[in-house]
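A quick write-up on the structure given underneath.
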Amino acid sequence: MKKKSTSKSAFFNLRIVIAALCCFTGIAVALLGTGAFSSAFAQAKGTKANQAAPGTQTPDVVRMVGPVRLDQDLRKLPYIAPKEKSEEERRLTRYPFPLAGSGAPAGSSGTSGLANVQRLLKNVWRPATMPPPLLTFEGIGNTCGCQPSDSEGDVGAAYYIEAINETFKIFDKSGNTLSGPTTYNSFFAPLTGTPCTFANDGDPYVVYDKDTGRWLISDFAFPSFPGSSFWQCIAVSQTQDPVNGGWFFYALQVDPANPTYLGDYPKFALWNSGGSPAQNAYFLTMNLFTNNTTFNGVRAYALDRASMLAGGPANAIGFTLSAADVGASYSFVAATARTGLPPPTGRNEMVLAIDSPATGGVSLTQVHARFFHVDFVTPSNSVFGVGPTHQPNAEITVNPFVDAFTSTTYDLVPQEGTTGKLDTLGDKIMTPVVYYNLAGTESLWADQTIIENYPNGPTAVRWYQFDVTGGNFPATPAQQQDWTNGNDGLWRWMPSIAVDDSGNTVIGYSTSATTIFPTISYAGRLVSDPPGNLAQGEGTMFPGVSYFSGFRWGDYTRTEVDPSNGMDFWHVNQYADASHNWHTRIGKFNFVGGGISPTPTPTPACNWSAGPDMPTTLVRAVGVYFPADGNFYTMGGRTGDAPGSDFQHVLRYSPGSNTWTQMGVTLPDNTMNNMACGVLTLGGTPEIYCVGGSAAGQTTATARVFYYNPVTDAVTTLTAGDNWPGNMGTILPGGFAETGNK
């Protein structure tokens, strides 16, 4: 055998790299010349919104059971055991296993030359490493004796709520337990007459409602499957305090016209673009099954958010898409608007899906996109998709990909220390789909798990940015990538994506291989990075401890942005503990390991526009910025000059939604003019303290001091011994705000 010269090989490799660079440069110049890297180009070739006309479809109007009030501290709820579940639950899929067909690998004819060059260059320049996490702490373990974990959670101004298969837990943002684990059977027990009182079965979801500081927790319930009673159990917090502030409970039947339909894999989204009719709803999507092998379609609901937040009777407007209507797709995911600017007034909700074919190894190139227009005033004007079968409003053409399953199994991911493999869930868009508005450029960000080199692997995280400016779906993505961290050989799956207030992006996911235990990882890109690349590299949130003895993994993870600063990312995922059982871990991280996420210098483009009117005319009110939730509050004041016009209320301005809200609290007296108010943090709790103030038409002030807690919407007056030590009759100047005290 002829021995290969290492020096010649090195020289040859160098020539290959130089040639690739020249090729890449030429391609880049050509693409730039045609505007391929421009979102404007993608938008120009996009699909104009061809939303069905109001009144042309027939939505279902379902009155939810409730509201039922829970006015009790969660720590005092009686324990009700969770429903007994099997150790290994079968996952319900679009087509039952074994799938039809041979599962032959897809051809490579759809792969572009640019993609091949990118793969070559990835081996030369591996991305940098993301900064380590700022914090990680233990989540809930396997309290249900079941699989999978259904690890799920969200972060708010002062709390983190984690939900798993049959329980949830509330933490402060240092990882200390405040309540729980609480079983859903204990939590939803007041919803009598529904399975929510005794037969909760998991698939939970948590939503932090940033505009109001409120929370939503949901799971599904049913006595048996197959069966004839399938419900979604939903709780909306009465206040910003999820532990002791009370809840409103609702129960929603999955499909009253088809009571044998189970609503599997339910996913929520929050959308509030206002308008008339107001596009203000919690959107809910679910897959429909009558047994383990019969797929019946997809159900999409819009829930009346305004009524639910007020604790009033609420309708849900729904559409059922049959199996024939959706073709090979399922697991629809609606978009959530949370960071960046709010959607333009009246913008319709957007919903994405991909196909899950009956045969493994199929090369796919489409993301299905639909609009959901809801009208709670005239429900018959609500429409979803196009025509009576609710077809997509647009088909977005993406780079070819292969779903991460074969014709016989989804269990593809290897682990160190065992021959057992893990489920990929590689046949769907993962939750959440992120809506982000950066200075008027609107985008949807989404991700999924794909398999490379079918059927051998490894799996990779495919992510997208779709330019939807103007309410139009594009023909192609603004950017996309199959994330492999430079083809390092690891299997990546179970992703969830988030975009911070500056437009920087992070994806949290799982990694594994025959050489490592399942690990919790994350990767990111700055808004200024080159398109189609998680250029900031990968970080490890929590290294694997052992292998997992089961096969169900997930079924999902969750990444969200901290509303307190708009830059920290929080992620929840699972790992295997030393006994080979699943456990969950929660962590937070950003792009600089504790500082401010770096962002590019913006191009100045200043403009002014009038904001919304205050709910009432106010004179001599005090404005205070409350850093814990990023909102502004007006304290007291008066509505006119006449005696008796004192305003004993608090108004909140939310910059994210550009809206005013009058809070429910009544301030303690009528001396509301020219108070001095500021934020003080005592015992770890930030509150707004106010001193002094005079009544309308009066010229003397009070010396009393009170404090207001925006989280609980409650006010407390201090004792006379804590009065302001100055002269009681002196008028204090209003308007100062101190936020730095501890």
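Taken together, the values in this text are just the output of simple stated rules run on the coordinates, not laboratory data. As the structure is a computational prediction, the values presented were derived from the model and not from experiment. Glycine gets a Cβ as well: all are built from the backbone with ideal geometry, and neighbour counts include every protein chain shown.
Observations on the structure shown:
- Inter-probe distance in nm under a simple model that places probes 7 Å from Cα toward Cβ, at Thr129 and Ser528: 2.4 nm
- Taking 0.36 nm per residue of separation and subtracting the Cα-Cα distance, full extension of the segment from Asn453 to Val243 would add 70.7 nm.
- Here the label points at Val592 and Val665, each 7 Å from Cα along the C-beta direction, are separated by 3.4 nm in the simple model.
- Net length gained if the chain between Ala535 and Glu84 were fully extended (0.36 nm per residue, minus Cα distance): 157.8 nm
- Sorted from greatest to least, the principal axis extents spanned by the alpha carbons of the stretch 60-589 come out as 60, 52, 47 Å.
- At R0 = 25 Å, FRET efficiency that the Cβ-Cβ distance of Ala714 and Thr192 yields, to 0.05: 0.25
- Calculated FRET value between Asn487 and Phe137, using beta carbons and R₀ = 25 Å, to 0.05: 0.15
- The orientation-averaged projection of the convex hull spanning the C-alpha atoms of the stretch 622-722 amounts to 6.5 square nanometres.
- Ranking Ile429, Gly532, Asn485 by Cα position along the charge dipole of the stretch 60-589, where only Lys, Arg, Asp and Glu carry charges on their C-beta atoms, puts Gly532 farthest toward the positive end.
- Label zone at Arg75 (point 7 Å along Cα-to-Cβ), backbone N below 16 Å, the stretch 164-197: 169-182
- Förster radius 30 Å - calculated FRET efficiency between Ala324 and Arg63 (Cβ-Cβ, nearest 0.05): 0.55
- Potential lengthening of the chain between Glu416 and Ser579 amounts to 57.2 nm, from the contour at 0.36 nm per residue minus the alpha-carbon distance.
- Residues in the stretch 613-619 carry Karplus couplings, in order, of 5, 5, x, 8, 5, 10, 10 Hz; the curve used is 6.51 cos²θ - 1.76 cosθ + 1.60 with θ = phi - 60°, and Gly or Pro positions show x.
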